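Student: Shown below is the structure under consideration.
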Amino acid sequence: MVLTIDVGNSNTTIGLFRQDGTLVFCSVLPTYKSATQDQWAIQLLDVFRLHGASVADTSGIMISSVVPPVTAAICGAAEFVAGKKPMVMGPGVKTGLNIKSDLHAQLGSDIVAFSVAAIARYPSPLIVIDMGTAITMSLLQGNSYEGCIIMPGVRVAVEALSQAAAELPHISIEAPESLLGHNTVNAMRSGVVYGNASMIDGMIDRIEADSGMSIASIIATGTAVPDILKHCRHSIVYNADLLLDGLFLIYQKNQALRHRRM
(Lines give C-alpha, C1' and ligand atoms only; values in the text may rest on other atoms or scores of the structure.)
Protein backbone atom coordinates (compact mmCIF):
# COMPACT_ATOMS: atom_id res chain seq x y z
CA MET A 1 0.00 0.00 0.00
CA VAL A 2 1.04 3.62 -0.53
CA LEU A 3 1.00 6.07 2.38
CA THR A 4 0.31 9.67 1.33
CA ILE A 5 0.73 12.67 3.63
CA ASP A 6 -0.18 16.28 2.94
CA VAL A 7 1.15 18.82 5.45
CA GLY A 8 -0.87 22.02 5.23
CA ASN A 9 -0.69 25.19 7.29
CA SER A 10 -3.68 24.24 9.43
CA ASN A 11 -4.17 20.49 8.95
CA THR A 12 -2.13 17.43 8.03
CA THR A 13 -4.04 14.85 6.00
CA ILE A 14 -2.97 11.21 5.92
CA GLY A 15 -4.25 8.68 3.40
CA LEU A 16 -3.48 5.04 2.65
CA PHE A 17 -4.04 3.69 -0.87
CA ARG A 18 -4.12 0.18 -2.26
CA GLN A 19 -2.06 -0.33 -5.42
CA ASP A 20 -5.24 -0.13 -7.53
CA GLY A 21 -5.88 3.42 -6.27
CA THR A 22 -8.56 2.57 -3.71
CA LEU A 23 -8.37 4.85 -0.67
CA VAL A 24 -8.32 2.65 2.44
CA PHE A 25 -8.58 5.49 4.93
CA CYS A 26 -8.19 9.24 5.27
CA SER A 27 -7.39 10.97 8.56
CA VAL A 28 -7.00 14.68 9.35
CA LEU A 29 -4.77 15.95 12.18
CA PRO A 30 -3.83 19.47 13.28
CA THR A 31 -0.46 20.63 11.96
CA TYR A 32 1.70 21.15 15.03
CA LYS A 33 4.70 23.11 13.79
CA SER A 34 6.75 22.35 16.92
CA ALA A 35 6.04 18.58 17.02
CA THR A 36 9.11 16.35 17.10
CA GLN A 37 9.78 13.32 14.92
CA ASP A 38 8.77 11.02 17.77
CA GLN A 39 5.48 12.88 18.28
CA TRP A 40 4.64 12.57 14.58
CA ALA A 41 5.60 8.88 14.68
CA ILE A 42 3.21 8.28 17.57
CA GLN A 43 0.41 10.06 15.70
CA LEU A 44 1.03 8.05 12.53
CA LEU A 45 0.93 4.77 14.44
CA ASP A 46 -2.27 5.88 16.20
CA VAL A 47 -3.90 6.68 12.85
CA PHE A 48 -3.11 3.19 11.54
CA ARG A 49 -4.51 1.62 14.72
CA LEU A 50 -7.62 3.80 14.56
CA HIS A 51 -8.43 2.50 11.08
CA GLY A 52 -7.40 -1.10 11.72
CA ALA A 53 -4.60 -0.98 9.15
CA SER A 54 -1.11 -2.45 9.39
CA VAL A 55 1.83 -0.11 8.89
CA ALA A 56 3.85 -3.17 7.80
CA ASP A 57 1.79 -3.26 4.58
CA THR A 58 3.19 0.12 3.48
CA SER A 59 5.25 -0.32 0.31
CA GLY A 60 5.88 3.38 -0.40
CA ILE A 61 5.39 6.88 0.99
CA MET A 62 4.61 10.16 -0.80
CA ILE A 63 4.70 13.45 1.13
CA SER A 64 3.71 17.01 0.24
CA SER A 65 4.50 19.79 2.71
CA VAL A 66 4.05 23.55 2.54
CA VAL A 67 5.28 23.92 6.14
CA PRO A 68 9.12 23.66 6.07
CA PRO A 69 9.53 23.36 9.88
CA VAL A 70 7.40 20.18 9.81
CA THR A 71 8.82 18.53 6.69
CA ALA A 72 11.94 16.95 8.18
CA ALA A 73 10.17 15.71 11.32
CA ILE A 74 7.26 14.06 9.49
CA CYS A 75 9.55 12.54 6.84
CA GLY A 76 11.71 11.04 9.57
CA ALA A 77 8.65 9.79 11.43
CA ALA A 78 7.15 8.15 8.33
CA GLU A 79 10.44 6.41 7.50
CA PHE A 80 10.82 5.26 11.12
CA VAL A 81 7.35 3.68 11.42
CA ALA A 82 7.07 2.26 7.88
CA GLY A 83 10.70 1.40 7.18
CA LYS A 84 10.57 3.09 3.77
CA LYS A 85 12.29 6.31 2.65
CA PRO A 86 9.57 8.82 1.65
CA MET A 87 9.38 10.49 -1.73
CA VAL A 88 8.88 14.23 -1.11
CA MET A 89 7.25 16.60 -3.57
CA GLY A 90 9.91 18.93 -4.95
CA PRO A 91 12.74 19.08 -7.48
CA GLY A 92 13.36 15.78 -9.22
CA VAL A 93 9.82 14.48 -8.79
CA LYS A 94 8.10 14.01 -12.15
CA THR A 95 4.49 15.21 -12.28
CA GLY A 96 3.71 15.48 -16.00
CA LEU A 97 2.38 18.99 -15.32
CA ASN A 98 3.47 21.86 -17.57
CA ILE A 99 3.63 24.74 -15.10
CA LYS A 100 3.32 28.21 -16.63
CA SER A 101 4.95 30.14 -13.81
CA ASP A 102 7.74 32.70 -13.48
CA LEU A 103 9.22 30.68 -10.62
CA HIS A 104 8.18 27.02 -10.52
CA ALA A 105 9.44 26.62 -6.95
CA GLN A 106 6.89 29.16 -5.73
CA LEU A 107 3.96 26.95 -6.71
CA GLY A 108 2.90 24.96 -3.64
CA SER A 109 3.37 21.21 -3.81
CA ASP A 110 -0.24 20.82 -2.68
CA ILE A 111 -1.46 22.76 -5.72
CA VAL A 112 0.70 20.62 -8.01
CA ALA A 113 -0.69 17.43 -6.47
CA PHE A 114 -4.39 18.25 -6.75
CA SER A 115 -3.83 19.65 -10.25
CA VAL A 116 -2.39 16.30 -11.39
CA ALA A 117 -5.43 14.49 -9.96
CA ALA A 118 -7.91 16.95 -11.47
CA ILE A 119 -6.38 16.65 -14.95
CA ALA A 120 -6.52 12.85 -14.70
CA ARG A 121 -10.12 12.70 -13.45
CA TYR A 122 -12.10 15.53 -15.06
CA PRO A 123 -12.74 17.10 -18.49
CA SER A 124 -10.58 20.10 -19.44
CA PRO A 125 -10.33 23.08 -19.34
CA LEU A 126 -11.08 23.13 -15.65
CA ILE A 127 -10.88 25.24 -12.52
CA VAL A 128 -9.80 23.79 -9.19
CA ILE A 129 -10.83 25.63 -6.03
CA ASP A 130 -8.97 24.78 -2.83
CA MET A 131 -10.50 26.20 0.32
CA GLY A 132 -8.25 25.89 3.34
CA THR A 133 -6.12 28.43 5.17
CA ALA A 134 -6.13 30.31 1.86
CA ILE A 135 -8.55 30.04 -1.07
CA THR A 136 -6.80 29.24 -4.34
CA MET A 137 -8.41 29.02 -7.77
CA SER A 138 -6.31 27.33 -10.45
CA LEU A 139 -6.93 27.18 -14.20
CA LEU A 140 -5.85 23.99 -15.99
CA GLN A 141 -5.96 23.14 -19.68
CA GLY A 142 -4.78 19.76 -20.89
CA ASN A 143 -1.62 19.06 -18.89
CA SER A 144 -0.86 22.79 -18.46
CA TYR A 145 -1.17 24.79 -15.27
CA GLU A 146 -2.19 28.21 -16.58
CA GLY A 147 -2.05 30.15 -13.31
CA CYS A 148 -3.90 30.80 -10.10
CA ILE A 149 -5.56 33.32 -7.80
CA ILE A 150 -4.91 33.38 -4.04
CA MET A 151 -7.38 34.90 -1.56
CA PRO A 152 -7.77 34.86 2.24
CA GLY A 153 -9.33 31.65 3.54
CA VAL A 154 -12.82 31.69 5.03
CA ARG A 155 -11.77 30.97 8.60
CA VAL A 156 -8.74 33.29 8.38
CA ALA A 157 -10.98 36.16 7.25
CA VAL A 158 -13.55 35.51 9.99
CA GLU A 159 -10.91 35.37 12.73
CA ALA A 160 -9.21 38.52 11.44
CA LEU A 161 -12.55 40.37 11.45
CA SER A 162 -13.36 39.28 15.00
CA GLN A 163 -9.91 40.18 16.29
CA ALA A 164 -9.77 43.58 14.60
CA ALA A 165 -13.27 44.71 15.58
CA ALA A 166 -13.85 44.52 19.35
CA GLU A 167 -17.63 44.23 19.13
CA LEU A 168 -17.72 41.49 16.48
CA PRO A 169 -17.83 37.97 17.99
CA HIS A 170 -16.19 34.73 16.85
CA ILE A 171 -18.81 32.81 14.87
CA SER A 172 -19.40 29.40 13.31
CA ILE A 173 -19.56 29.20 9.53
CA GLU A 174 -23.18 28.48 8.63
CA ALA A 175 -25.83 30.17 6.54
CA PRO A 176 -28.36 32.36 8.37
CA GLU A 177 -32.11 32.03 7.77
CA SER A 178 -32.17 35.13 5.55
CA LEU A 179 -29.69 37.14 3.49
CA LEU A 180 -30.16 40.25 5.61
CA GLY A 181 -29.19 39.60 9.19
CA HIS A 182 -31.23 41.08 12.05
CA ASN A 183 -28.47 40.64 14.60
CA THR A 184 -24.68 40.81 14.52
CA VAL A 185 -24.07 37.05 14.37
CA ASN A 186 -26.48 36.43 11.48
CA ALA A 187 -25.23 39.50 9.63
CA MET A 188 -21.66 38.17 9.88
CA ARG A 189 -22.72 34.67 8.85
CA SER A 190 -24.46 36.09 5.79
CA GLY A 191 -21.35 38.00 4.82
CA VAL A 192 -19.11 34.98 5.29
CA VAL A 193 -21.27 32.39 3.52
CA TYR A 194 -22.98 34.38 0.78
CA GLY A 195 -20.05 36.75 0.39
CA ASN A 196 -17.59 33.92 -0.26
CA ALA A 197 -20.07 32.12 -2.53
CA SER A 198 -20.52 35.33 -4.54
CA MET A 199 -16.75 35.84 -4.68
CA ILE A 200 -16.23 32.33 -6.05
CA ASP A 201 -18.99 32.76 -8.64
CA GLY A 202 -17.61 36.13 -9.66
CA MET A 203 -14.03 34.89 -9.99
CA ILE A 204 -15.15 31.92 -12.10
CA ASP A 205 -16.87 34.35 -14.47
CA ARG A 206 -13.76 36.53 -14.59
CA ILE A 207 -11.48 33.56 -15.29
CA GLU A 208 -13.69 32.47 -18.19
CA ALA A 209 -13.82 35.99 -19.60
CA ASP A 210 -10.08 36.63 -19.19
CA SER A 211 -8.94 33.27 -20.59
CA GLY A 212 -11.53 33.08 -23.36
CA MET A 213 -12.10 29.46 -22.39
CA SER A 214 -15.39 27.69 -21.86
CA ILE A 215 -14.77 25.85 -18.58
CA ALA A 216 -15.78 22.20 -18.76
CA SER A 217 -15.32 21.31 -15.06
CA ILE A 218 -15.16 23.16 -11.76
CA ILE A 219 -13.77 21.06 -8.93
CA ALA A 220 -13.49 22.07 -5.29
CA THR A 221 -11.58 20.58 -2.39
CA GLY A 222 -10.59 21.63 1.12
CA THR A 223 -12.16 21.60 4.57
CA ALA A 224 -14.10 24.85 4.24
CA VAL A 225 -15.84 23.96 0.98
CA PRO A 226 -19.20 22.27 1.75
CA ASP A 227 -20.65 25.17 3.77
CA ILE A 228 -20.01 27.58 0.90
CA LEU A 229 -20.45 25.45 -2.24
CA LYS A 230 -24.18 24.86 -1.95
CA HIS A 231 -24.77 28.61 -2.17
CA CYS A 232 -22.76 29.06 -5.41
CA ARG A 233 -24.63 29.50 -8.68
CA HIS A 234 -22.12 27.54 -10.75
CA SER A 235 -22.15 23.75 -10.82
CA ILE A 236 -19.16 22.72 -8.69
CA VAL A 237 -18.07 19.15 -7.93
CA TYR A 238 -16.67 18.56 -4.44
CA ASN A 239 -13.82 16.06 -4.10
CA ALA A 240 -12.45 15.89 -0.55
CA ASP A 241 -9.64 13.47 -1.49
CA LEU A 242 -8.35 15.26 -4.60
CA LEU A 243 -4.96 16.16 -3.12
CA LEU A 244 -4.23 12.70 -1.72
CA ASP A 245 -5.33 11.19 -5.02
CA GLY A 246 -2.80 13.42 -6.78
CA LEU A 247 0.00 12.34 -4.44
CA PHE A 248 -0.82 8.69 -5.16
CA LEU A 249 -0.79 9.27 -8.94
CA ILE A 250 2.53 11.14 -8.76
CA TYR A 251 4.05 8.34 -6.68
CA GLN A 252 2.91 5.73 -9.20
CA LYS A 253 4.23 7.79 -12.12
CA ASN A 254 7.68 8.11 -10.56
CA GLN A 255 7.81 4.43 -9.60
CA ALA A 256 6.97 3.48 -13.19
CA LEU A 257 9.76 5.76 -14.50
CA ARG A 258 12.26 4.17 -12.10
CA HIS A 259 11.38 0.66 -13.23
CA ARG A 260 11.86 1.66 -16.89
CA ARG A 261 15.36 2.90 -16.16
CA MET A 262 16.36 -0.32 -14.40
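Student: Please give the per residue accessible area of region 1-103, computed with a probe of 1.4 Å over protein heavy atoms only, in Å².
Tutor: 48 Å²
Student: Sorted by packing (mean other beta-carbon atoms within 10 Å per residue), highest first, where do 166-173, 149-156 land?
Tutor: So the order, starting with the most tightly packed, is 149-156, 166-173.
Student: At q = 0.08, 0.16 Å⁻¹, what is the base-10 log of I(q)/I(0) for the chain according to the Debye formula with one equal point scatterer per Cα and no solvent? Please give it to two decimals.
Tutor: Treating every Cα as an identical point scatterer, log10 I(q)/I(0) equals -0.35, -1.22.
Student: Could you list the chymotrypsin sites (Phe, Trp or Tyr not before Pro) in region 1-110 that lie in coil according to DSSP, counting only those with at most 16 other Cβ atoms within 10 Å of their Cβ?
Tutor: Y32
Student: Another question, if that's okay. Report the trypsin sites (Lys or Arg not before Pro) located in region 1-64 that are in a DSSP loop and have at most 15 other Cβ atoms inside 10 Å of their Cβ, or state none.
Tutor: R18, K33
Student: Please give the length that would be gained between A166 and D205 if that part of the chain were fully extended, namely 0.36 nm times their separation in residues minus their C-alpha to C-alpha distance (nm, one decimal).
Tutor: In short, 10.5 nm is gained.
Student: Something else now. Report, by chain and number, residues whose modeled amide H sits under 5 Å from the one on F25, excluding near sequence neighbours (fewer than 5 apart, same chain).
Tutor: Correct list: L16.
Student: Counting only residues 5 or more places away or on other chains, whose amide H sits under 5 Å from the amide H of I99 once H atoms are built in the peptide plane?
Tutor: Excluding prolines and chain starts, which carry no amide H, the hits are Y145.
Student: Of the beta bridges DSSP finds with both residues in the chain, what % are antiparallel, to the nearest 5?
Tutor: Roughly 60 percent of the beta bridges in the chain run antiparallel, per DSSP.
Student: Percent of accessible area on region 1-131 owned by carbon and sulfur, 1.4 Å probe?
Tutor: Carbon and sulfur together cover 53 percent of it.
Student: Counting only DSSP beta bridges with both residues in region 99-188, what percent are antiparallel, rounded to the nearest 5?
Tutor: The antiparallel proportion sits near 95 percent.
Student: Also, I was wondering about something else. Given just the C-alpha atoms of region 168-262, how large is their convex hull per residue in cubic angstrom?
Tutor: 145 Å³
Student: Could you size up the charge dipole of the chain around its Cα centre, putting +1 on the beta carbon of Lys and Arg and -1 on that of Asp and Glu, and report it in debye to the nearest 20?
Tutor: 900 debye
Student: Report the Stokes-Einstein translational diffusion coefficient (µm² s⁻¹, integer) for region 120-207, Rh taken as the Kirkwood radius over Cα pairs, at 20 °C with viscosity 1.002 mPa s.
Tutor: 147 µm²/s
Student: Quickly rank 62-68, 2-8, 84-90 as a protection proxy: mean count of other C-beta atoms within 10 Å, highest first.
Tutor: 2-8, 62-68, 84-90
Student: Could you give the length gained on full extension between N11 and H51, defined as 0.36 nm per residue of separation minus the Cα-Cα distance, in nm?
Tutor: Numbers: separation 40, 0.36 × 40 = 14.40 nm, distance 1.86 nm.
Contour length minus Cα-Cα distance gives 12.5 nm.
Student: Gaussian network model of the chain, Cα springs within a sub-10 Å range: biggest mean-square fluctuation belongs to which of T184, T136, T58?
Tutor: T184
Student: Using 0.36 nm per residue of separation minus the Cα-Cα distance, give me the extension gain between S198 and Q255 in nm, one decimal.
Tutor: Once the chain is fully extended between S198 and Q255, it gains 16.3 nm.
The values are calculated or read from the model by the stated rules, or taken from the named source; none is laboratory data. Just so we're clear, the structure is a prediction, and the values are computed from it rather than from any experiment. FYI the Cβ positions are ideal-geometry reconstructions off the backbone, even for glycines, and counts take in every protein chain you see. The protein model used for the area step is the full one, side chains on, heavy atoms only, and it has no ligands, DNA or RNA in it. Shrake-Rupley method; radii C 1.70, N 1.55, O 1.52, S 1.80 Å.
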